[in-house]
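Read through the structure below, which is laid out as structure tokens, and then see the notes.
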Amino acid sequence: MPVTKITTKEFDQMVQAASVVLKNNAEFINSLNIFPVPDGDTGTNMSLSMESGAKYVSKSTDNTVGGKASALAKGLLMGARGNSGVILSQIFRGFSKDVEGKTTLNAHELANAVTAGAKTAYKSVMKPTEGTILTVVRYAANAGHHAAEETDDCARVMDAIKNGAQEALAKTPELLPVLKQVGVVDSGGQGLTFVFEAFADILNDREASTDVHEKFNVKANQMDQMVNEDHHESAQGQLNPEDIIYGYCTQMTVRFGKGKEVEKKFDYDTFYNYLAPLGDSLLVINDDEVAKVHIHTEHPGKVLTWGQKFGDLINIKIDNMRSQQEEIMENDEKIEHQPITDKKESPKEIAVISVVSGKGLEELFKSLGVTNIISGGQTMNPSTEDIVNAVNNSNAKKVIVLPNNKNIFLAAEQAESLTDIPMKVIHTKTIQQGLTAMFSFNPAASIEENQNEMDDSLDSVKSGQVTAAVRDTKINGLDIKKGSYMGIVDGKIEIIEDTLNDATISMLTKMLDEDSENVTIIFGEGATQSDADQIEAKAIEIDPELEVEIHEGDQPVYPLLISVE
């Protein structure tokens, strides 16, 4: 049967399915990383970004697709991790702007929204590169536009969008030579293709590319997390428990067709429409076998009785929110009467926030003047929301952010427009650049002067990283075997050796020149002080006038980081 309009029900299902499909395929997407290093995280970033979007959609009580799309865009933006996550958020930002105010979507509106998403994504990138997720969304949008001229079936249009994405994905190695060299398609494009495939599967009533039971469990877990975290915020914000209109938080799972009271075959609209007048904060998530229900009501018995008409009940939970509010008020009253012992510190003029992974590196950055740390980096890029929260909680008038990883740039830039406090991003690509930037930081100068000085200092340092290859590949004329050690200089694989120290020494030798004065060695997980001492000895052997520093960074992924200035 043709799908002539997409309602909030279908849109919810599309988003939840996409979230699950990305989660289930995150490791596969990660494996498409061009460099064979153990920090390929495109799949992880896109999955976590979409999970945040799906959570916002689940929490939204808006009864229009436009409203749900706006919730998705906001959730994606706040949860965006890495460049791929930010671009995904921009695609659905454009999508949501185009469907603003629409109760449902027809085929033409669906195609137009994807086209708007493609245009917004291209505009969000300073130098768009073909052969990436941008190419995939553009091809998908074009295919959807052509399909919408021939049919009013949203399912057929979404299939065309999916097919256009798949066609573009297959072409990415031809458009981006490094992909062809390594023998992979673009990882971000693959992630977006999974999203469109999930959308198409839902509209065509096909089982999405994941087990249906697992899909339901993940959706149920997302709802559980929302319920447990903050679905009582509105109730708890009321001063008088008696002001709570619907006092019982009622949850249940209905197993269709089981039990002695079964009278009806499950129909989503029939099931939902009976429950809706009984309260608020209603959520119904179902698959072919069960439905999970959450509602705030004054009649939990009616809710349970209605559920029994469709099947037996499990996981029943009823909370008296008025009683909970009374306890909260009592605890708040106790806190209010406690003596105040600490005065709030005066805000700093400028705080510096650095993204760092590793206890030693955290201490090193703090010793140079960094005031706040966001834990993350190579294996876990912080989200836009993480950066926004860190800035807003910095107790400063202005903030400088050091991403220390180019895959965090877009998320940091997105945060600039969302923070309550003015902030500037110093585009540090590596830990070494972050450390160098801190040597140029002057607390007495303005934030603009600091930005200029710190930016100018980045070209003065060469950054070297050593790690083991996670797979066999050929790149830049190098034949790389799994387990061999790679020396990466300023983002390019330059050295391949059998041992960690051999790779580091070869890399250091390549990095040094007649102008080199300072070498910093930072050893982390997989390396020791002894390894660092050997590297230091070799550096001094090469040039006795070099100043060499050794620090324990505890960083993951890269056992040795080397900087040369």
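The values are calculated or read from the model by the stated rules, or taken from the named source; none is laboratory data. All figures in this text were calculated on a predicted structure; none of them were measured in a lab. Counting neighbours? That spans all protein chains shown, and the Cβs are built from the backbone with ideal geometry, glycine included.
Of note:
- Note on segment 387-428: residues that are in contact with a Gly (Cβ under 7 Å, 6 or more places away or on another chain) and either acidic (Asp, Glu) or surrounded by fewer than 22 Cβ atoms within 10 Å (Cβ to Cβ) (or both) total 1.
- Here THR129 does not fit the description of being touching a residue at least 60 places away in the same chain (Cβ under 8 Å), outside any helix (DSSP H, G or I) and either under 20 Å from LEU22 (Cα atoms) or out of contact with any Gly (no Cβ under 7 Å at 6 or more places or on another chain) (or both).
- Among helices (runs of 4 or more DSSP H) entirely within segment 191-288, having at least 1 residues that are within 26 Å of the chain's Cα centre (by Cα), among the small types (Gly, Ala, Ser) and at pLDDT below 90 singles out 212-230.
- Only one entry of GLU453, GLU449 meets the criterion of being of a type outside the set (Val, Ile, Thr), surrounded by fewer than 16 Cβ atoms within 10 Å (Cβ to Cβ) and more than 21 Å from the chain's Cα centre (by Cα), and that entry is GLU449.
- Near pairs, Cβ below 7 angstrom, 6+ apart or cross-chain, from segment 43-67 (closer than 17 Å to GLN90 by Cα and assigned by TED's automatic domain parsing to the domain that holds GLN414) to any residue that is modelled with pLDDT under 90 and assigned to a helix (DSSP H, G or I): none
- Cross-chain or 6+ apart pairs with Cβ under 7 Å, segment 547-561 first and closer than 10 Å to GLU525 by Cβ, then basic (Lys, Arg): ASP554/LYS359
- Every residue from segment 289-323 that is of a type in the set (A, V, I, L, M, F, W, C) and modelled with pLDDT of 90 or more: VAL303, LEU304, TRP306, PHE310, LEU313
- So THR499, is it surrounded by fewer than 20 Cβ atoms within 10 Å (Cβ to Cβ) and of a type outside the set (D, E, K, R): yes
- Screening HIS427 with (1) touching a residue at least 60 places away in the same chain (Cβ under 8 Å); (2) under 24 Å from VAL466 (Cα atoms); (3) not acidic (Asp, Glu) gives one miss only, at (1).
Per-residue answers, yes or no, for (1) over 33 Å from the mean Cα position of the chain (by Cα); (2) within 23 Å of LYS406 (Cβ to Cβ):
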residue	(1), (2)
GLY491	no, yes
LEU500	no, no
THR504	no, yes
GLU517	yes, no
ILE522	no, yes
ALA537	yes, no
ILE540	yes, no
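- Among the residues listed as ILE535, ILE521, the single one being part of a strand (DSSP E or B) and in contact with a helix residue (DSSP H, G or I) (Cβ under 6 Å, 6 or more places away or on another chain): ILE521
- ILE161 being under 18 Å from HIS146 (Cβ atoms), more than 22 Å from the chain's Cα centre (by Cα) and not polar (S, T, N, Q): yes
- Number of residues in segment 548-561 that are among the aliphatic types (A, V, I, L, M) and buried (at least 24 other Cβ atoms within 10 Å of the Cβ) equals 2.
- Candidates ILE350, ILE374, filtered to the one that is surrounded by 18 or more Cβ atoms within 10 Å (Cβ to Cβ) and more than 24 Å from VAL86 (Cβ to Cβ): ILE350
- Reported count of residues in segment 42-100, each being part of a loop (DSSP other than H, G, I, E, B) and under 13 Å from the mean Cα position of the chain (by Cα), is 1.
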